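Take a look at the structure below.
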Amino acid sequence: MTVTLPDGSRRELPAGATALDLATDIGRRLAKDAVIAVVDGTERDLDVVLHDGADVAIVTPSTERGLFTIRHSTAHVLAQAVLDLFPGATFGIGPPVENGFYYDFELPGGATFHPDDLERIEARMREIVAAGQPFVRDEISTEEALALFADHRYKQEIISGAAEDPTSVTEAGVVRTYANPPRFVDLCRGPHVPHTGRLGHFKLMRVAGAYWRGDERNPMLQRIYGTAWDTRAALDAHLHMLEEAERRDHRKLGAELDLFSFPDEIGSGLAVFHPKGGTVRRLMEEFSRQRHEQAGYEFVNTPHIAKSELFRTSGHLEWFADGMFPPMELDGGGYHLKPMNCPFHILIFRARGRSYRELPLRMFEFGSVYRYEKSGVVHGLTRVRGMTQDDAHIFCTREQMGGELRNLLSFVLDLLREYGLDDFFLELSTRPEGKAVGSDEDWEEATEALRSAAGSMGLDTVLDEGGGAFYGPKISVQARDAIGRTWQLSTIQVDFQLPQRFDLHYTGADNARHQPVMVHRALFGSIERFFAILVEHHAGAFPTWLAPVQVRVLGVRDDHDPYAFRITDRLRGAGFRADHVDAGEPLGARIRKAKLEKLPYVLVVGDDDVADGTVGVNARGAAVERGVPVDDFVDRLRADVLSHTL
RNA sequence: GCCCGAGUAGCUCAGACGGCAGAGCAACGCACUCGUAAUGCGUAGGUCAGGAGUUCGAUUCUCCUCUCGGGCUCCA
């Protein structure tokens, strides 16, 4: 028989040949790497018997799909190990996820896993891998399946169809299973690697609670997460990445670099910025403010609380009440802390009659908002209860919308690049089915405007079908940081709802009333979150323009201190952030401290420098230079600051 | 909000049968005066997260609360 490979080439095989035979025929290396095959577009186990004329692709772990298989199969090994070690345990589902897999279990009597259990479980998993158990595919009837999994209520739910079955293990009365003889059987659609010996580069990471089928009304199961890779090197690389992420954790660096803290006395999720963090934050804001002014934004200011009635009008009390702090009762009425700035900006728009000549009207504010986040979700600066948004609302005509969005998007990307981020992609969220307001035409027009704006940026755009808010579609800008993690930053959102709710209008050239289109946008998302992202992206080593202290001047001996002081003064006079540490400690110790603070520049001045009017320059990440004229250094520093790069 | 884990000096962490609380770093003082990542000696620093309970006695055992971490559910 003849089969066709992905590159279009054909290959002759004896009748009855399997996908593995094909891989072996192509090359020993491929046969060794292979995990599954795709036959006529369907993923199959490697022992699938091929037919004449089939299109066949051999899948290896060099692809995401191949890695998924490794992870999926490893999840089965985890389940087997847990069922071996914990009599009476039952299991839910165990899919592959990014970088690894998990499996959900329920232990008898509501028992829970202890982190120390992971070691035992992992040891058992290694035995299973060493045993090289085959993965044996089977299809049985629903009745047989119910009997086979009689002790496993969650599996029964899946079989009987009580649970929706995203894994499609059941179909027309047939239930698909995979067995690892001698004991273990799981419901599964597969495909899987041929045998457990193909696995082995994994590590169990953590245990956590997770609701059965992701619904908080369901019982909470015990979830074990693991990571799995095809090679030892890939596993190690991943573990290193995690270490690196830990090293960059903004919560850790925030304390070490004295940037911010979360005093218990204030409350969960409420940060205070210390002088150094405050400086960085001020610089972030100043630059952003400058750019916004250049781009035609006008600056407004609004209070932190307002009558509850305002949020009733805006609809926040209807659809965002869970995210709001409870009301304060005073003067016979209720007041709420604001969770968003939009109603306030709208009132500014509505403060007087508006002409089409004023549009687009772009109102910007560093607006502090308060959201009642559930106690379990606050997380460093990335998820807080009080935050400041670099928030703006653009009021424009329908005709202006497309151009505004396009300009806005390139404005965002340019701005973000100035902060050192440069790897972006976009996500377009469209109309959520069944719970959207506004006409089909409105949605179509706005979505098209966003889509076309996105398309003009030359970036990858992923579609988030149905992910928009009920009042309009949105684009979000995602950035990859220095170690490849993605963060959701800016959101740009078209809103049909609020202009209607507040009955906004402007007078057109035709002297008739028209409703403006409103665009919400926050580029940093929140200052706090963006601050955290910058800390992690730069690993605490802020580029010179953002560094809280740009230069530290150190005299070699204390008789150099007066000269060091003069240098410090001169730098400050020139608008730089410089300080000086006197010679109370040995030079090496003072340099070490400056390095631990990740300062961009340390200047060391000694006898030669005092005599020649020079400085020794110890720049972050560069070799030490001696005898640099002060003017030269100032020029360099100025260039650094202007470029935003170092 | 739910599940699991954890809170000991500013930071990182020891510690105990239920019987006066320990180290390193940081801080402060004195000495050292030094050319590129840790000078020496000394001093001070604690309601052992908070509150109840058990006990002759609780930082240690029990319960509750708060906060933090990892997840789930949510989300900037």
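If the Cβ limit is 7 Å and pairs must be 6+ apart or interchain, which residue in segment A:349-362 that is in the same structural domain as residue A:514 (by TED's automatic domain parsing) and within 14 Å of residue A:513 (Cβ to Cβ) pairs with which residue that is open to solvent by 30 Å² or more (accessible area, probe 1.4 Å) and in a helix (DSSP H, G or I)?
Final answer for the pair search is A:359/A:400.
Return a yes/no flag: does segment A:309-326 have any residue that is open to solvent by less than 70 Å² (accessible area, probe 1.4 Å), part of a strand (DSSP E or B) and away from RNA strand B (no atom under 12 Å from the Cβ). Steps first, please.
Initially, segment A:309-326 is screened for residues open to solvent by less than 70 Å² (accessible area, probe 1.4 Å), giving A:310-311, A:313-317, A:320-321, A:323-325.
With the extra rule that they be part of a strand (DSSP E or B), the set shrinks to none.
No.
Which condition number does residue A:228 fail, the rest of (1) surrounded by fewer than 18 Cβ atoms within 10 Å (Cβ to Cβ); (2) assigned to a strand (DSSP E or B) being met?
Against the list (1) surrounded by fewer than 18 Cβ atoms within 10 Å (Cβ to Cβ); (2) assigned to a strand (DSSP E or B), residue A:228 comes up short only on (1).
Output yes when any residue across segment A:293-300 is of a type in the set (Gly, Ala, Ser), within 16 Å of RNA strand B (Cβ to nearest atom) and in a loop (DSSP other than H, G, I, E, B), and no when none is.
Of the residues in segment A:293-300, the ones of a type in the set (Gly, Ala, Ser) are A:295-296.
Applying the additional criterion that residues be within 16 Å of RNA strand B (Cβ to nearest atom) yields none.
For segment A:293-300, residues of a type in the set (Gly, Ala, Ser), within 16 Å of RNA strand B (Cβ to nearest atom) and in a loop (DSSP other than H, G, I, E, B): absent.
Residue A:200 is checked against (1) more than 15 Å from RNA strand B (Cβ to nearest atom); (2) over 20 Å from residue A:75 (Cβ atoms) and fails just one. What number does that condition carry?
Among (1) more than 15 Å from RNA strand B (Cβ to nearest atom); (2) over 20 Å from residue A:75 (Cβ atoms), residue A:200 violates only (2).
Which is surrounded by fewer than 20 Cβ atoms within 10 Å (Cβ to Cβ), without any contact (Cβ under 8 Å) to a residue 60 or more places away in the chain and under 21 Å from residue A:343 (Cα atoms), of A:493, A:478, A:515?
Values: A:493 fails: surrounded by fewer than 20 Cβ atoms within 10 Å (Cβ to Cβ); A:478 fails: under 21 Å from residue A:343 (Cα atoms).
So the residue among A:493, A:478, A:515 that is surrounded by fewer than 20 Cβ atoms within 10 Å (Cβ to Cβ), without any contact (Cβ under 8 Å) to a residue 60 or more places away in the chain and under 21 Å from residue A:343 (Cα atoms) is A:515.
Taking into account only those residues within segment A:396-448 that are aromatic (Phe, Trp, Tyr) and closer than 27 Å to residue A:295 by Cβ, which is farthest from the chain's Cα centre (by Cα)?
To start, the set of residues in segment A:396-448 that are aromatic (Phe, Trp, Tyr) comprises A:411, A:419, A:424-425, A:443.
Next cut, closer than 27 Å to residue A:295 by Cβ only: A:411, A:419, A:424-425.
Working: A:411: 22, A:419: 17, A:424: 12, A:425: 12 Å.
Step by step, filter segment A:396-448, then rank; the result is A:411.
Report, ordered by the first and then the second residue, all pairs with beta carbons closer than 6 Å, sequence separation of six or more or different chains, a first member in segment A:443-466 that is under 21 Å from residue A:414 (Cβ atoms), and a second member that is basic (Lys, Arg) and open to solvent by 70 Å² or more (accessible area, probe 1.4 Å).
What qualifies is A:453/A:406; A:456/A:406.
Right, residue A:610: more than 33 Å from the chain's Cα centre (by Cα), part of a helix (DSSP H, G or I) and in contact (Cβ under 8 Å) with a residue 60 or more places away in the chain or not?
On the way: more than 33 Å from the chain's Cα centre (by Cα): yes; part of a helix (DSSP H, G or I): yes; in contact (Cβ under 8 Å) with a residue 60 or more places away in the chain: no.
Against the criterion (more than 33 Å from the chain's Cα centre (by Cα), part of a helix (DSSP H, G or I) and in contact (Cβ under 8 Å) with a residue 60 or more places away in the chain), residue A:610 does not qualify.
When you check residue A:639 against the structure, is it aliphatic (A, V, I, L, M) and either assigned to a strand (DSSP E or B) or more than 33 Å from the chain's Cα centre (by Cα) (or both), yes or no?
Working: aliphatic (A, V, I, L, M): yes; either assigned to a strand (DSSP E or B) or more than 33 Å from the chain's Cα centre (by Cα) (or both): no.
Here the answer is no, as residue A:639 does not meet what is asked.
Within segment A:342-373, track down each residue that is β-branched (Val, Ile, Thr) and surrounded by fewer than 18 Cβ atoms within 10 Å (Cβ to Cβ). Write out each step before concluding.
If we filter segment A:342-373 for residues that are β-branched (Val, Ile, Thr), which is where we start, we get A:346, A:348, A:369.
Scanning segment A:342-373 gives a single hit, A:348.
The values are calculated or read from the model by the stated rules, or taken from the named source; none is laboratory data. None of the values given here were measured: they were computed from a predicted structure. Here Cβ is always computed from backbone atoms with ideal geometry, including for glycine, and neighbour counts include all displayed protein chains. Please note that ligands, DNA and RNA were not included when accessible areas were found on the heavy atoms of the full protein model with its side chains. Shrake-Rupley method; radii C 1.70, N 1.55, O 1.52, S 1.80 Å.
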